[in-house]
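One structure below.
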Amino acid sequence: MRGGGGKTLSQGQAAFLLLLPFLSAYALFLVYPFFKGVWISLHDWNLLAVAFNPDAKEYVGLRNYERVMWGREIEWSLMAAPFWQGLGLMGLVLSFAFYRMDRLSLFNAIALGLASALLVFLPGFHPGEGGRWYDRRFWPTVGNTLLFVGLAVPGVTITALILAAMLSGQTRAMSILRTLFFLSQVLSVTVVTLIWQIMFSPRQGLIANITGTFGGTPINWLTDQQFAMAAIVIATVWWSLGIAMILFLAGLQDISRDIYEAAALDNATGVKAFYYITLPNLKRTITLVVILQIILHFQVFGQSHLMTQGGPNDTTQVLVRYIYQTGFRDSELGRASAMAVFLFVIMGAFSAIQFIVGREKQ
Amino acid sequence: MKHLILATTAATLLATSLPAQEVTLGRFFGACEDAGTDTTTSTGEACIIQSIINAADAELDGVSITTLPTDWGNYYDQIKAAYAGGTPPDVHVMHRHRVPEFAGLGAIADISADLEAAGIDSSDWAPAALDAVSFDGGIYGVPMDFHANLWHVNMDLMEAAGLVENGAPVLPTSPEELLEHAQMVKDATGQDYLAADFAQFPIGVRLVLALMWQQDANIFGEDGTATIDTEAGRNAVTAITQLFDAELANPQLNYADSQQAFLNGEAAILVNGTWVVDFYTAEAAKEETGLDSYYVADFPTLFETGATWADSHMWAIPSSLEGEERAAALRVLAFINDHNIDWARTGHMAVRTSVIESDAYTSLPHRDEYAGTASIARDTPPSERYGAIQDVLNRELQAIWLTDKDVQAALSDAELEVQDLLDR
């Protein structure tokens, strides 16, 4: 770059100059609010009180974190949550065994081992005799959020992958279908939840009408403990299929036709071709989709807030909704920020695990 | 002459250049698109309040009102966020139970000194209405109504079960009788006795609260001690669960579904508030609705003392509002106060003595059937954590009805959590 004064900018300087608008917006709207959030989480901070009197906050150190995540007389034992801890132990043994059998690289073995160790360690905490969690709703809410992510992410990924594989053709019908499947993504969460609330209604809903014609009794999807989470997952899968499908379609177009033709000569067509050619070639796209979905669905809010109000009995209460209630209904901004920081940490951790595992397999 | 011309020009300039004072208004009650400006014929909360607002916008010189889009479920979150961001609406509706929180922090204005100048006569307010808007010696709003839980009755189903005497429904006087009546309705008609929203909004909570108050108990005392896991709490809950256990009521209906069940003629009683009396009256008059003969009754006394859950809607202005803006906002409050009779058409109870004693008020449909409600109206002790406490109760009670959680366990969990909230 040559300026009027004959000065030249180095490539680095030019890059910095061009990136400056983005960096300043990024710093102002993402980095600063993030650190402000961490700072708020260290205070007893009432939303309204501080708005009217900036001195109404009080520095409390890590007390908000303690109040949210810890309790009185908390103990650790190996038998607190036998299922999860058992699963973790099994993971530890397997990662060691697979590493010895050369089925896993050292890196992956360590990653799997660490995850398993956490699974043994974390669920082991429980209130002992006469003790209790300071916030009895926090960990169950975290559990619900994990369950939601655990159901929605594979749900979206698998459905989108199947749809993409089926609709990747060049015919007119295929392109119309692609548009149709993508359309739901355009709707806002309010519209989506409204549609599904009507669909799930045991009195006038489509689902109830269909089961009714076959003589079945209608399911109270949104108020039955067994179905409420499934209901919001179904609505979510329907809603967020579009982007994942488009990404898979793009990935599919990158796979050379030649490979399929060569495989066809070896008698690998249909499902076989999908398994041995499409899937391995889509690995990067799958990793990307899964990471995007994990980040997206950890932040689930609207579906739970609008369809079930977190109920029944808190079975669909999710983290962001709890953060929202704590911050705005209860005005406890400090506490809410502590939870938000926690959410950031686990979202970051999950994405990191997925990213590392996905890259390693190349 | 020159001076005169100058003066008139200046005056006209001043008069024409004065823009109408913009007043932003926040409210719940739902949306009504074509409310018009006729305050005397609209029906339903949303349309009646919007017609009053439209009329104020049209009739008040120099005031133009913009109704902000808000949503019922998140109303207070929105209002709080607006206050915290320094942009609250100039006028907004709220419940009396929120006064300690909003007035305590200095968010809403003490308007006791402005009332007279604005043409609002607070001596016309019923004592309970004045009490509803008072906090710490000040007046923090203009009351608009008392609303309370009622029993909405399908007289045809009650008649079929033999539960009508002298044109009025026979209502239970004890939990045992409640079960008996419910069985009678089921046997005679095959329909449920009682429907209510036990699955969504805290209508079930209000039912249980009323039954606790009827035993002279409460969920927490003025000293801040939670008292939910008690004999009275268990009695109140089991009075209702016995109906579910005997399959004489369905706990899984939400607000819209329970209302639909009642309007379809599938439940003899619907427990819901004063806000739907005019709507149900209109629905019952229609050919196609299953409900034909509609009656409104006071919440019956199943224990010792009469009590039903009640609250008040009121209008407040932010304390930050000053000068012209404050004057304009107060004119809107005065206009709403003047239209108390129109608002009462919803079924809510009026707050102004002059309205309560008027013929127009006493001759409103069904009004005489629930005249006793005003004297049994109750609410929980004031608390800044009202919303959170209601949510705890709603969650634990829903756990009882919807997920078969043990009553004892649910009540003791609720007590622990409410105590946590009170201690925070």
Count - residues of region A:78-114 that are touching a residue at least 24 places away in the same chain (Cβ under 8 Å), of a type in the set (Gly, Ala, Ser) and either surrounded by fewer than 18 Cβ atoms within 10 Å (Cβ to Cβ) or not in a helix (DSSP H, G or I) (or both): 3
Flag for A:Asp135 being touching a strand residue (DSSP E or B) at 6+ places or on another chain (Cβ under 9 Å), within 14 Å of chain B (Cβ to nearest Cβ) and among the acidic types (Asp, Glu): yes
Qualifying positions in region B:77-100 - within 8 Å of another protein chain (Cβ to nearest Cβ), assigned to a helix (DSSP H, G or I) and surrounded by fewer than 22 Cβ atoms within 10 Å (Cβ to Cβ): B:Asp77, B:Ala81, B:Ala84
Tally, over region B:393-408, of residues that are more than 10 Å from every other protein chain (Cβ to nearest Cβ) and among the acidic types (Asp, Glu): 1
Qualifying residue in region B:203-211 (condition: β-branched (Val, Ile, Thr) and under 30 Å from B:Ala285 (Cβ atoms)): yes
Filter pass, B:Ala35 being without any contact (Cβ under 8 Å) to a residue 40 or more places away in the chain and within 14 Å of chain A (Cβ to nearest Cβ): no
Tally of residues being closer than 17 Å to B:Ala334 by Cα and under 22 Å from the mean Cα position of the chain (by Cα) across region B:110-131: 6
Any chance A:Ala244 is in a helix (DSSP H, G or I) and within 17 Å of A:Ala165 (Cα to Cα): yes
Filtered residue count, region B:360-384, keeping only those that are within 24 Å of B:Asn218 (Cβ to Cβ) and open to solvent by 50 Å² or more (accessible area, probe 1.4 Å): 5
Count of region A:63-77 residues which are part of a strand (DSSP E or B), out of contact with any Lys or Arg (no Cβ under 6 Å at 6 or more places or on another chain) and either open to solvent by less than 80 Å² (accessible area, probe 1.4 Å) or among the aromatic types (Phe, Trp, Tyr) (or both): 2
Among the candidates B:Thr301, B:Thr308, residue that is touching a Ser or Thr at 6+ places or on another chain (Cβ under 8 Å) and open to solvent by less than 10 Å² (accessible area, probe 1.4 Å): B:Thr308
Meets criteria (more than 17 Å from the chain's Cα centre (by Cα) and free of Cβ contacts under 8 Å to residues at least 24 places away in the same chain) for B:Ala217: yes
Residue ID - nearest to the other protein chains (Cβ to nearest Cβ), chosen from residues in region A:203-215 that are in contact (Cβ under 8 Å) with a residue 12 or more places away in the chain and open to solvent by 30 Å² or more (accessible area, probe 1.4 Å): A:Arg203
Residue check for B:Thr289: among the β-branched types (Val, Ile, Thr), open to solvent by less than 40 Å² (accessible area, probe 1.4 Å), under 21 Å from B:Glu45 (Cβ atoms) and in contact with an Asp or Glu (Cβ under 6 Å, 6 or more places away or on another chain): yes
Some residue of region A:127-138 being assigned to a loop (DSSP other than H, G, I, E, B) and open to solvent by 80 Å² or more (accessible area, probe 1.4 Å): no
Matching residues, region B:409-424, being within 19 Å of A:Asn46 (Cα to Cα), within 9 Å of chain A (Cβ to nearest Cβ) and under 26 Å from the mean Cα position of the chain (by Cα): B:Leu421
Flag for B:Thr380 being of a type outside the set (Lys, Arg), assigned to a loop (DSSP other than H, G, I, E, B) and not assigned by TED's automatic domain parsing to the domain that holds B:Arg96: yes
Subset of region A:45-62 (residues that are more than 12 Å from chain B (Cβ to nearest Cβ) and open to solvent by 50 Å² or more (accessible area, probe 1.4 Å)): A:Asp55, A:Lys57, A:Glu58, A:Tyr59, A:Leu62
Pick from region A:307-329, criterion open to solvent by less than 20 Å² (accessible area, probe 1.4 Å) and assigned to a loop (DSSP other than H, G, I, E, B), ranking: nearest to A:Asp224 (Cα to Cα): A:Pro312
Hits in region A:300-332 - residues which are more than 11 Å from chain B (Cβ to nearest Cβ), under 19 Å from A:Ser240 (Cα atoms) and touching a Leu at 6+ places or on another chain (Cβ under 8 Å): A:Val320
Qualifying residue in region B:385-392 (condition: of a type outside the set (Ser, Thr, Tyr), over 25 Å from B:Gln214 (Cα atoms), within 11 Å of chain A (Cβ to nearest Cβ) and crowded, with 18+ Cβ neighbours inside 10 Å): no
Scope region B:112-165; condition outside the structural domain of B:Pro382 (by TED's automatic domain parsing), in a helix (DSSP H, G or I), of a type in the set (A, V, I, L, M) and closer than 25 Å to B:Thr346 by Cα; matching residues: B:Ala128, B:Ala129, B:Leu130, B:Ala132, B:Val133
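The values are calculated or read from the model by the stated rules, or taken from the named source; none is laboratory data. All of these numbers come straight from a predicted model, not from anything done at the bench. As a convention, Cβ positions derive from the backbone with ideal geometry for all residues, glycine included, and neighbour counts pool all protein chains shown. The accessibility values were calculated without ligands, DNA or RNA, using every heavy atom of the protein model including side chains. Shrake-Rupley method; radii C 1.70, N 1.55, O 1.52, S 1.80 Å.
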